[in-house]
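> Sharing a structure with you now.
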Amino acid sequence: MGAAVALTLLSMLGATACTADGNSPADPASSGSPGARAVREVATEATIGTVTGRLTHAKRGAVRKQIAAAVDRWLDAAYIAGDYPRAGFADAFPGFTRGAEADARKDIGLMSNAAIGKKIDGVEARHRRLRIDVLAVRKHAVGVTARFLLDFDTTGKLKESERVQGRLYMTRRHGGGWQVFGYDVSRGIRR
C-alpha cells in the first residue's frame, strides 16, 4: 500500500508541476475578519499515518505540527471563524495554490460556509481530526495527503450539525511552508 501512496503522490506532484501557476498570497496570520467574534477552540487531533520513505521521529513531529496548522487555517477561515451572518468568504482559502484556490472558488458552497453564511449567526466546532500520510525523499517530507474531518454546529435561522471531510493534497512551498494543490472533499448533515 505504501508504494501505491507514493506513486499517487508522485503522479499528482508531477501533474501539478507541469501546470504550476505559483503560490497564492502569503497566509494571513489569523483567520476570520478583524473584530471577528472569539471562537471556542477545539483542538485538532493530528496523527501521522503512513510514511513512504525515511523520515526521522523529530521530522515527523515537525511535519505533523506544520500540516495541522495549515489545515486549521483553512478550516477556520472557511467554516468556523468570522462574524455571522455574512456573505463574504474572500479569505477562505489560505495556503492554497492559485489553481487550487480557483477550483475551490468554483466549489465555494462545499469548500466554505458561503452557501449558508447569511442563514446562520454562529458556528461551533465539535470535533477536528487529521491523519497525515507523508511522502519522504532523502529524509525530507515532500508531499502529504492530509485526511481531515470537521464536525460543527450552526446557530441562527439554520440550525444544523454538519460534517466536512476529505483529503487535501499538499506540497512544500518554495521558501518553506506547505500549500494545498488539490482536494477531494465531501460535506453533509451529521446525525
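> Those residues that are under 13 Å from Val71 (Cβ atoms) and out of contact with any Phe, Trp or Tyr (no Cβ under 7 Å at 6 or more places or on another chain), I need them from region 145-178; list them, please.
Initially, region 145-178 is screened for residues under 13 Å from Val71 (Cβ atoms), giving 145-150, 164-170, 177-178.
Within region 145-178, Ala146, Arg147, Phe148, Leu149, Gly177, Trp178 qualify.
> List pairs: first in region 41-59 and in contact (Cβ under 8 Å) with a residue 12 or more places away in the chain and of a type in the set (Asp, Glu), second exposed (fewer than 15 other Cβ atoms within 10 Å of the Cβ) and not in a loop (DSSP other than H, G, I, E, B), Cβ under 7 Å, 6+ apart or cross-chain?
Pairs that qualify, where the first residue is in contact (Cβ under 8 Å) with a residue 12 or more places away in the chain and of a type in the set (Asp, Glu) and the partner is exposed (fewer than 15 other Cβ atoms within 10 Å of the Cβ) and not in a loop (DSSP other than H, G, I, E, B), are Glu45/Arg129.
> A further question on this structure: Would you mind stating whether Lys159 is surrounded by fewer than 21 Cβ atoms within 10 Å (Cβ to Cβ) and over 19 Å from the mean Cα position of the chain (by Cα)? Spell out the reasoning first.
On the way: surrounded by fewer than 21 Cβ atoms within 10 Å (Cβ to Cβ): yes; over 19 Å from the mean Cα position of the chain (by Cα): yes.
The answer is yes for Lys159.
> Moving to a separate point now. Hey, among Arg60, Arg64, Arg73, which residue is of a type outside the set (Phe, Trp, Tyr), modelled with pLDDT of 95 or more, in a helix (DSSP H, G or I) and closer than 24 Å to Ile116 by Cβ? I'd like the intermediate steps shown before the answer.
Details: Arg60 fails: closer than 24 Å to Ile116 by Cβ; Arg64 fails: closer than 24 Å to Ile116 by Cβ.
Of the residues listed, the single one that is of a type outside the set (Phe, Trp, Tyr), modelled with pLDDT of 95 or more, in a helix (DSSP H, G or I) and closer than 24 Å to Ile116 by Cβ is Arg73.
> Which one of these does Ala146 not meet: (1) closer than 30 Å to Leu55 by Cβ; (2) among the small types (Gly, Ala, Ser); (3) over 12 Å from the mean Cα position of the chain (by Cα)?
Among (1) closer than 30 Å to Leu55 by Cβ; (2) among the small types (Gly, Ala, Ser); (3) over 12 Å from the mean Cα position of the chain (by Cα), the lone unmet condition for Ala146 is (3).
> Oh, and also: Which residues, taken from region 123-139, are in a strand (DSSP E or B), loosely packed, with under 15 Cβ neighbours inside 10 Å and more than 17 Å from the chain's Cα centre (by Cα)?
Glu124, Val137, listed by residue number.
> For region 162-191, give me each residue that is exposed (fewer than 13 other Cβ atoms within 10 Å of the Cβ), of a type outside the set (Gly, Ala, Ser), in a strand (DSSP E or B) and more than 11 Å from the chain's Cα centre (by Cα).
Listed by number, the list holds a single entry, Ile189.
> Output the residues belonging to region 86-111 that are touching a residue at least 24 places away in the same chain (Cβ under 8 Å), part of a helix (DSSP H, G or I) and over 21 Å from Gly177 (Cβ atoms).
Residue satisfying the conditions is Leu110 alone.
The values are calculated or read from the model by the stated rules, or taken from the named source; none is laboratory data. On a predicted model such as this, the values are computed, not experimentally measured, just so you know. Note: ideal-geometry Cβ built from the backbone for every residue, glycine included; neighbour counts use all protein chains shown.
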